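Have a look at the structure below, then the notes.
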Amino acid sequence: MKTFRALLLAASVGSVALVSQAMAVVTIGAPAPDFTLNDINGRTHKLADYRGKIVVLEWVNSGCPFVQKHYHSGNIPRLQQSATSDGVVWLAINTGRDGTQGALASGAASRWLQEQKAAPTAYLRDQDGTVGRLYGAKATPHLFVINADGVLVYNGAIDSIRSADLEDIGRATNYVSAALADLKAGRPVATAATQPYGCAVKY
């Protein structure tokens, strides 16, 4: 079993490395690039419209075992609920092109969110990969945290243990939760950049 998990992780990381060569590089401490995307309900979301609020960007793929780990366990849904109750804007972004793993149509995406008891502010589609490439999104999940001034303060993994095993969640340091806690307390984000892990984004 451990050999299989190691192979799964190695394959995922290898795919990510190939994709990342064509990516932009966003900079911690610099303004987060603006973008406009539609959600699965047809509403338009422009990042600049959320200036004054903390924003989390979460790249998601419902078919990815690493994403499933964090959703089936309730880890990401609970974090979404806690964050949004504090006024954080949480934007889940699916950059999978049509026909790829997890590239759900609007109705299927809505049902999946309900099944997972997920609570993002919105679920956005980025089918041509423009926003994913703008941010250099490499994996699902890959998360970015933007402060109320529109500055990028975190870029990386959800947590510190690179596995698809549910039991690892309780032992891991949740970097996104820690970043949000730092911002809420008025502190600089202690860990601002980590290496994302998961399935390669399906550009």
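Some points to look at:
- With neighbours defined as other Cβ atoms within 10 Å of a residue's Cβ, the residues Trp59, Trp112, Trp90 order from fewest to most as Trp112, Trp90, Trp59.
- By definition, a body whose alpha carbon gyration tensor gives a ≥ b ≥ c is oblate when a/c is 1.5 or more and a/b is not larger than b/c, and the range 39-90 fits this oblate description.
- The ranking of His142, His72 from fewest to most other beta carbons within 10 Å of each one's beta carbon is His72, His142.
- In a simple Cβ point-charge model (Lys, Arg +1; Asp, Glu -1; nothing else charged), the chain has a dipole of about 180 debye relative to its Cα centre.
- 222 nm mean residue ellipticity, helices alone, for the chain (DSSP H n ≥ 4; -39,500 (n - 2.57); rounded to 500): -9500 deg cm²/dmol
- The share of Cα pairs per 10 Å bin across the range 2-200, counted from zero up to the longest distance, runs 9, 39, 40, 12, 0 percent.
- Of all lysines in the structure, the ones whose alpha carbon falls short of 26 Å from that of Lys46, not counting any fewer than 8 places away in one chain, are Lys117, Lys138, Lys184, Lys202.
Read the figures in this text as sums done on the coordinates, not as results from a lab. Because the structure is a prediction, the values reported are computed rather than measured. Glycine gets a Cβ as well: all are built from the backbone with ideal geometry, and neighbour counts include every protein chain shown.
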